[in-house]
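See below for the structure under consideration.
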Amino acid sequence: MESINLDFMLFRQAGPLIWPILLLGIFGLLIFVERVLYLHKGQIRTDVFLSGMRNLLEKGRLVEALTVCEETPGPVAAVVKAALLNHDQGEARMRGFIQGSALVQIAAIERRIGTLAAIARVAPVMGLLGTVVAMIEALFGAKLGGAYPNMSTVSGSFAEALLTTAFGLAIAVLSHLAYHFLSGRVRALVNDMEYAGHEMMMALLVEGHANASAPSSVEKEGETK
């Protein structure tokens, strides 16, 4: 109970600018949790997924491969689906469709992550603003006190200045850590997309060349005659 009262007293002593700083922190926390859940949902075992896709293509079950892509969440499956849908468009056009799908997926997985970087930059500035306001209040309090200023008022203003700065820096540090963590997850997904798109395009081209180079039944009959 005493610790709760102490925490509440700290918030009261930190001044009015502590509340927008805390709102920034709560907003950043919500973004972080939402992005972590979203990126975790889209993370799959790329090698296992591509192995299954290759097996289906070798058996000529293209429709089933598309169904698996639609049922699999995440950007990797979306990129592979784009490759499968345009398997007959030639290498250059298929590469273009894969890159277009990857760009759409990158925009989706990077959404709102930049907001954390903005919070990390704004929070210490707001803390500094609170410090400046508190120092101004301290100077005015000392001036109004004349030769014998009220030291409790002055010390309270100094405490407000330090607490505001401390809260702003704490929010900035946590936001920086959250931003770099999510950026690492995004880079991992982008690498998986690039790898999956390239591997699937190569598999489709090899399969297409194999079908094109395989002699048809008519040619085989002609050779036997």
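The values are calculated or read from the model by the stated rules, or taken from the named source; none is laboratory data. These figures come from a predicted structure and were not determined experimentally. Virtual Cβ from ideal backbone geometry, glycine too; neighbours counted across all protein chains shown.
Restricted to the stretch 1-31, and to residues that are small (Gly, Ala, Ser) and modelled with pLDDT of 90 or more, which residue is surrounded by the most Cβ atoms within 10 Å (Cβ to Cβ)? It would help to see each step written out before you state the result.
Restricting attention to the stretch 1-31, the residues satisfying the condition of being small (Gly, Ala, Ser) are 3, 14-15, 25, 28.
Checking the rest, the ones that are also modelled with pLDDT of 90 or more come to 25, 28.
Numbers: GLY25: 19, GLY28: 22.
Ranking the candidates gives GLY28 first.
Taking only pairs six or more apart or across chains, which ones have beta-carbon atoms under 9 Å, a first residue in the stretch 164-182 that is on the phi < 0 side of the Ramachandran plot and of a type in the set (S, T, N, Q), and a second residue that is surrounded by fewer than 15 Cβ atoms within 10 Å (Cβ to Cβ) and assigned to a helix (DSSP H, G or I)?
Cβ pairs passing all conditions: SER175/ALA118; SER175/ARG121.
Out of (1) crowded, with 19+ Cβ neighbours inside 10 Å; (2) without any contact (Cβ under 8 Å) to a residue 24 or more places away in the chain, the odd one out for GLY42 is which?
Failing condition for GLY42: (2).
Have a look at ILE113, ILE106, ILE119, ILE98 and point out the one that is touching a Leu at 6+ places or on another chain (Cβ under 6 Å), within 19 Å of VAL190 (Cβ to Cβ) and in contact (Cβ under 8 Å) with a residue 40 or more places away in the chain.
Values: ILE106 fails: touching a Leu at 6+ places or on another chain (Cβ under 6 Å); ILE119 fails: within 19 Å of VAL190 (Cβ to Cβ); ILE98 fails: touching a Leu at 6+ places or on another chain (Cβ under 6 Å).
Result: ILE113 is the single residue among ILE113, ILE106, ILE119, ILE98 that is touching a Leu at 6+ places or on another chain (Cβ under 6 Å), within 19 Å of VAL190 (Cβ to Cβ) and in contact (Cβ under 8 Å) with a residue 40 or more places away in the chain.
Taking the conditions exactly as written (within 20 Å of VAL190 (Cα to Cα), surrounded by fewer than 11 Cβ atoms within 10 Å (Cβ to Cβ) and either at pLDDT below 90 or aliphatic (A, V, I, L, M) (or both)), does VAL48 satisfy them or not?
Working: within 20 Å of VAL190 (Cα to Cα): yes; surrounded by fewer than 11 Cβ atoms within 10 Å (Cβ to Cβ): yes; either at pLDDT below 90 or aliphatic (A, V, I, L, M) (or both): yes.
Answer is yes for this residue.
Could you pull out the residue among ALA142, ALA134, ALA138 that is modelled with pLDDT under 90, surrounded by 15 or more Cβ atoms within 10 Å (Cβ to Cβ) and in contact with a Pro (Cβ under 6 Å, 6 or more places away or on another chain)? If you could, list the steps in order and put the result at the bottom.
Details: ALA134 fails: in contact with a Pro (Cβ under 6 Å, 6 or more places away or on another chain); ALA138 fails: in contact with a Pro (Cβ under 6 Å, 6 or more places away or on another chain).
Within the list ALA142, ALA134, ALA138, the selection yields ALA142.
Could you pull out the residue among LEU116, LEU129, LEU85 that is farther than 23 Å from GLY52 by Cα, modelled with pLDDT under 90, surrounded by 15 or more Cβ atoms within 10 Å (Cβ to Cβ) and aliphatic (A, V, I, L, M)? Please lay out each step first, then the result.
On the way: LEU116 fails: modelled with pLDDT under 90; LEU85 fails: farther than 23 Å from GLY52 by Cα.
Result of the check over LEU116, LEU129, LEU85: LEU129.
Is there any pair linking a residue in the stretch 83-95 that is at negative phi to one that is surrounded by 16 or more Cβ atoms within 10 Å (Cβ to Cβ) and of a type in the set (Asp, Glu), with Cβ under 9 Å and at least six apart or on different chains, and which?
Close Cβ pairs (under 9 Å, with a partner that is surrounded by 16 or more Cβ atoms within 10 Å (Cβ to Cβ) and of a type in the set (Asp, Glu)) amount to HIS87/GLU207.
Can you say whether MET193 is assigned to a helix (DSSP H, G or I), among the hydrophobic types (A, V, I, L, M, F, W, C) and without any contact (Cβ under 8 Å) to a residue 24 or more places away in the chain, as far as the supplied structure shows?
Values: assigned to a helix (DSSP H, G or I): yes; among the hydrophobic types (A, V, I, L, M, F, W, C): yes; without any contact (Cβ under 8 Å) to a residue 24 or more places away in the chain: no.
When the stated conditions are applied, MET193 does not pass them.
Can you name every residue in the stretch 145-172 that is within 24 Å of PRO20 (Cα to Cα), among the aromatic types (Phe, Trp, Tyr) and either modelled with pLDDT under 75 or out of contact with any helix residue (DSSP H, G or I) (no Cβ under 7 Å at 6 or more places or on another chain) (or both)? Step through it out loud before you land on a result.
First, the residues of the stretch 145-172 that are within 24 Å of PRO20 (Cα to Cα): 153-172.
Subsequent filtering for residues that are among the aromatic types (Phe, Trp, Tyr) retains 158, 167.
Correct list: PHE158 only.
Looking only at the stretch 54-68, which residues are touching a residue at least 40 places away in the same chain (Cβ under 8 Å) and under 13 Å from HIS87 (Cα atoms)? Talk me through it step by step, then tell me what you get.
Within the stretch 54-68, the subset touching a residue at least 40 places away in the same chain (Cβ under 8 Å) is 54, 57-58.
Once the filter is applied, which keeps residues that are touching a residue at least 40 places away in the same chain (Cβ under 8 Å) and under 13 Å from HIS87 (Cα atoms), the stretch 54-68 yields only LEU57.
Looking for whichever is closer than 18 Å to PHE27 by Cβ, at pLDDT 90 or above and out of contact with any His (no Cβ under 9 Å at 6 or more places or on another chain) here; the options are ALA178, ALA188. Which one fits?
Residue meeting the stated conditions: ALA178.
All but one of (1) touching a residue at least 60 places away in the same chain (Cβ under 8 Å); (2) crowded, with 17+ Cβ neighbours inside 10 Å; (3) over 14 Å from ASP192 (Cα atoms) hold for VAL79; which doesn't?
(3)
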